1. Going Cα to Cα from Lys36, which lysines come in below 20 Å? Please leave out same-chain ones fewer than 8 positions away.
2. Give me a comma-separated list of calculated 3J(HN,Hα) values for the stretch 34-39, in order, Karplus coefficients 6.51, -1.76, 1.60 applied at θ = phi - 60°, integers in Hz, x for any Gly or Pro.
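Coordinate-derived values only; no laboratory data. Source: prediction; values computed, not measured.
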Amino acid sequence: MNQQKIDEMTQLLLKIEQELKESKESLQLINKSIDKYDKFAFLNVS
């Protein structure tokens with residue numbers, strides 16, 4: 001494997017890592033929103 005291929009793979013992995021991090025943050029925000037809605041719904045039912 002030559003150095004150029006290694007560099008390309010490294011860049012690709014860094015890009016994937018960043019996308020995973022962004023996806024994780026988005027999912028955490030969605031979870032927080034759902035939690036707020038669940039608490040609101042629970043208060044409405046009570």
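1. Lys24
2. 5, 4, 4, 5, 4, 5
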